[in-house]
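Undergrad: The structure's right below; bear with me while I get my questions together.
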Amino acid sequence: MTCHIVAIGPLPPPQNGPSIATKGMIVCLSEANSIAVCNIGPPSGKLSLLKQPIRFSRALSACLQLFVDRTHGDRICYLACDGGSGLIYTSLVVLFARLLAYPVYLHHHSFNYIDRPKLLMRSILTLGGRQLRHIFPCDIMRDDFADTYGRRIQSSLISNAALVALQEERDEPKERTHLVMGMLGNLSREKALDTFLDLARQARNESLPIKAILAGPAGASERATIDRAVAELGDMLDYRGPLYDDAKAAFYRELDVFVFPTTDSNDAQPLVIFEAKAAGNAVISCDRGCIRKQLDESDLLIPSGGDFVPTALAWLSAMSPEPAVERRRKAIQQAYKTRHAKARAAVKALLDFDEA
């Protein structure tokens, strides 16, 4: 089925999970459909006083695009759902789309309004009516959403693996006797920056042959924490700063294990985990959101509220050195290749849904 899609959601900049996911989904949808794109995300930079007026203006522009494109026969509205205060703009777009008789596909990327029910989400469900179809990255999120709001919903499952392509295999590995673990993200307390640094400290204290690489933007207080850790750990810890495109791909190729001890309530199915697996990295993460559905027998899932550092450290200390790590890398990439293909097929099937 070929459609005209008005695609609405946050787009980079700034670079974050929801904006990157929205951009990736738009690329997938545009392969077989005509598409008009509207950015309703927050502005980048230090525009705090203008943030909400700019977002409101962008939401109105998106509504105008819906009005302009209303004459297309097979038209739909694809809308990436905001996880926070931006739900008010999501509700505005849903209302306008329904007034113009658009089927609305609402793509969920946050557990924020699932863990804590929001009146605005209840309003969106009412405004959307029977023409509102939901897209979830996993069945855990779908089922928790339905339980939270007590609604029978129409939905599709599309893993975020559809949005992350398989990486090229890394160059022929040099012989080394240590493991490389890394973490990448918008570094903050919620992303458990301190937990990663504690893991690096404990690995050094136990004389484990491990090198740690940290990457991503950090605020002033987080950067001070990182600088103190670098001074303390010396060559064992390498902070790379924000990484994008080829530099980010090279970062993943350098790792053996990706560590992501997030406690962020917004996290659903983090793209960084799939980026790591696409490069052949084993993953250590905690059980929240859809993360347990992302991991498999090559990874370590630590229960929410569990002792992350000692559990991760015991697992790392038991990992085999080269060449076993390279065999594991190839197996992880092959498994991810299958997952990516399945997720892309789900995107292609999305618009063939028969609402009857």
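The values are calculated or read from the model by the stated rules, or taken from the named source; none is laboratory data. Keep in mind the model is a prediction, meaning the values are calculated, not measured. Cβ atoms come from the backbone with ideal geometry, glycine included; neighbour counts cover every protein chain shown. These area figures cover heavy atoms from the full protein model, side chains too; ligands, DNA and RNA do not enter into them. Shrake-Rupley method; radii C 1.70, N 1.55, O 1.52, S 1.80 Å.
Undergrad: Here are some residues: Lys211, Lys174. Which one is at pLDDT below 95 and either touching a helix residue (DSSP H, G or I) at 6+ places or on another chain (Cβ under 7 Å) or charged (D, E, K, R) (or both)? Can you show your working first?
TA: Working: Lys211 fails: at pLDDT below 95.
Matching residue, one of Lys211, Lys174: Lys174.
Undergrad: Turning to a different aspect of this structure: Here is a list: Leu163, Leu255. Which entry is within 23 Å of Asp299 (Cα to Cα), touching a strand residue (DSSP E or B) at 6+ places or on another chain (Cβ under 6 Å) and among the hydrophobic types (A, V, I, L, M, F, W, C)?
TA: Leu255
Undergrad: Sticking with this structure for a sec: Does His134 satisfy being crowded, with 19+ Cβ neighbours inside 10 Å and either touching a residue at least 60 places away in the same chain (Cβ under 8 Å) or of a type in the set (Ser, Thr, Tyr) (or both)? Explain how you work it out, then say what you get.
TA: Working: crowded, with 19+ Cβ neighbours inside 10 Å: yes; either touching a residue at least 60 places away in the same chain (Cβ under 8 Å) or of a type in the set (Ser, Thr, Tyr) (or both): no.
No: the conditions fail for His134.
Undergrad: Out of Ala247, Ala224, report the one residue that is at pLDDT 95 or above and more than 19 Å from Val164 (Cβ to Cβ). Write out each step before concluding.
TA: On the way: Ala247 fails: more than 19 Å from Val164 (Cβ to Cβ).
Within the list Ala247, Ala224, the selection yields Ala224.
Undergrad: OK, next. Restricting attention to the range 53-81, which residues are under 30 Å from the mean Cα position of the chain (by Cα) and of a type in the set (Phe, Trp, Tyr)?
TA: Of everything in the range 53-81, those that are under 30 Å from the mean Cα position of the chain (by Cα) and of a type in the set (Phe, Trp, Tyr) turn out to be Phe56, Tyr78.
Undergrad: From Lys277, Lys342, which residue is crowded, with 22+ Cβ neighbours inside 10 Å, at pLDDT 95 or above, outside any loop (DSSP other than H, G, I, E, B) and not aliphatic (A, V, I, L, M)?
TA: Values: Lys342 fails: crowded, with 22+ Cβ neighbours inside 10 Å.
Selected residue: Lys277, the only one of Lys277, Lys342 that is crowded, with 22+ Cβ neighbours inside 10 Å, at pLDDT 95 or above, outside any loop (DSSP other than H, G, I, E, B) and not aliphatic (A, V, I, L, M).
Listed here are the residues, each with its yes/no results for (1) out of contact with any His (no Cβ under 9 Å at 6 or more places or on another chain); (2) closer than 26 Å to Phe251 by Cβ.
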residue: Asp115; (1), (2): yes, no
residue: Ser123; (1), (2): yes, no
residue: His134; (1), (2): no, no
residue: Arg142; (1), (2): no, no
residue: Phe145; (1), (2): no, no
residue: Glu168; (1), (2): yes, yes
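Undergrad: Ala229: farther than 24 Å from Glu326 by Cβ and either open to solvent by less than 40 Å² (accessible area, probe 1.4 Å) or more than 19 Å from the chain's Cα centre (by Cα) (or both), yes or no?
TA: Details: farther than 24 Å from Glu326 by Cβ: yes; either open to solvent by less than 40 Å² (accessible area, probe 1.4 Å) or more than 19 Å from the chain's Cα centre (by Cα) (or both): yes.
Yes: the conditions hold for Ala229.
Undergrad: Scan Arg201, Arg253, Arg240 and give me the residue that is open to solvent by 40 Å² or more (accessible area, probe 1.4 Å), touching a residue at least 12 places away in the same chain (Cβ under 8 Å), farther than 21 Å from Gly84 by Cβ and in contact with a Phe, Trp or Tyr (Cβ under 8 Å, 6 or more places away or on another chain).
TA: Working: Arg201 fails: in contact with a Phe, Trp or Tyr (Cβ under 8 Å, 6 or more places away or on another chain); Arg253 fails: in contact with a Phe, Trp or Tyr (Cβ under 8 Å, 6 or more places away or on another chain).
Arg240 is the lone residue from the list that is open to solvent by 40 Å² or more (accessible area, probe 1.4 Å), touching a residue at least 12 places away in the same chain (Cβ under 8 Å), farther than 21 Å from Gly84 by Cβ and in contact with a Phe, Trp or Tyr (Cβ under 8 Å, 6 or more places away or on another chain).
Undergrad: Out of the range 188-226, which residues are under 28 Å from the mean Cα position of the chain (by Cα) and charged (D, E, K, R)?
TA: Across the range 188-226, the qualifying residues are Arg189, Glu190, Lys191, Asp194, Asp198, Arg201, Lys211, Glu222, Arg223.
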